[in-house]
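Here, each number is a calculation from the coordinates, and none is a lab measurement. Quick caveat: nothing in here was measured; it's all calculated off a predicted structure. Using ideal geometry, Cβ is built from the backbone for each residue, glycine included, and neighbour counts are taken over all protein chains shown.
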Amino acid sequence: MPDPTRRVLVLGDANVDLTLHVPARGPDGRREAREPVLSPGGTAANTARALASLGVPVAFSGAVGDDAFGRRVAADLAACGVDTRALVVTGADATCQVIAMVEPDGERSLVVWPADGGALRWLRPADVPADAIAGAAWLHTTGMCLRHAPVRDAVLAAMATARAAGVPVSIDLNLRVELWGLDDERRAAVDRAVGLADVVLGSGPEELLPLAAATGRARDDVAAVALALAAGARTVVARLGSEGALACTADGVVVRSPAFAVEAVNVVGAGDAFNAGFVAAMVEGRGLADALRWGNAVAARRVARPAGAADLQARAEVEALLA
């Protein structure tokens, strides 16, 4: 069981999000332009901020550029209550920007610049303090950082250190196959990360199914794919959007949890919000079924808000929805 008095350590990407809302056409067929919204983002940083908003002690380790965007990300994490002592500021590259175009129905498409991830890829294994890993209540990381060295090496080394210290480890696959594909090198890194994880999280249709297809064993049954990925060694959680989520345990038990009924306004950061709710519940010892409900509840509160992943909800709001 994790120790709730210790910090959760979140390791991975931090960037800025530029959200562009594509307006619906009015009765006259015209679209009314809306002002873009610039906010802190990053799949790992989003999860860290959401954990902090839920009252969970959390620290973040990652890399940002020595630029205005990097300073904004660092300041925002600190303002949210996230411990940023393991955040690295590097002059090697610019802070990554993610441009999200949100359609009227809340769905989104993404563009990443620089395409290789910019500054976030320069985190090195030595930049992640071993005592912070071994002393954590939980380590959460992201497959977003498995594309390039040295950050890939930092993620895998931290996962191995955590496992050796008995710290529970989770990874969100974040494959983004539609942007970068899944070549042999990245697939090998994903396989290594899955092998080091106690919990693997991912979108059922966007990540688990493509991952199965990449092995040459294509399936259209998310539960079957999750069960195969669990492989008797870990829990696999599949996020299913409006259908909620399911989890396959190491011993083959499938647990399903329905979504909460909300109107989706902006789905950017929904998966990161789910991760935060899930990890928060697990750290507090609530068990798998409750952790799925917490993940669904935090994600539901997120998608019902217009401003993107940085628009955080208080714990009281989530508890009210759960009740």
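Here are some notes:
- Take the conditions (1) in contact with a helix residue (DSSP H, G or I) (Cβ under 6 Å, 6 or more places away or on another chain); (2) under 23 Å from ALA52 (Cβ atoms); ALA136 misses just one of them, which is (1).
- If only residues of the range 83-99 that are touching a residue at least 40 places away in the same chain (Cβ under 8 Å) and part of a loop (DSSP other than H, G, I, E, B) are counted, the one that is surrounded by the fewest Cβ atoms within 10 Å (Cβ to Cβ) is THR95.
- Restricting attention to the range 257-282, the residues that are closer than 21 Å to GLY143 by Cα and either in a helix (DSSP H, G or I) or aliphatic (A, V, I, L, M) (or both) total 14.
- Residue among ARG31, ARG71 that alone is surrounded by fewer than 23 Cβ atoms within 10 Å (Cβ to Cβ), over 29 Å from GLU107 (Cβ atoms) and not aliphatic (A, V, I, L, M): ARG71
- Residue in the range 60-68 that is in contact (Cβ under 8 Å) with a residue 40 or more places away in the chain, in a loop (DSSP other than H, G, I, E, B), in contact with a helix residue (DSSP H, G or I) (Cβ under 8 Å, 6 or more places away or on another chain) and of a type in the set (A, V, I, L, M, F, W, C) present: no
- For the range 115-133, a residue qualifies if it is assigned to a loop (DSSP other than H, G, I, E, B), exposed (fewer than 15 other Cβ atoms within 10 Å of the Cβ) and in contact with a helix residue (DSSP H, G or I) (Cβ under 9 Å, 6 or more places away or on another chain), and exactly one does: ALA115.
- Given (1) within 22 Å of ALA158 (Cα to Cα); (2) in a loop (DSSP other than H, G, I, E, B), index of the condition ASP105 fails: (1)
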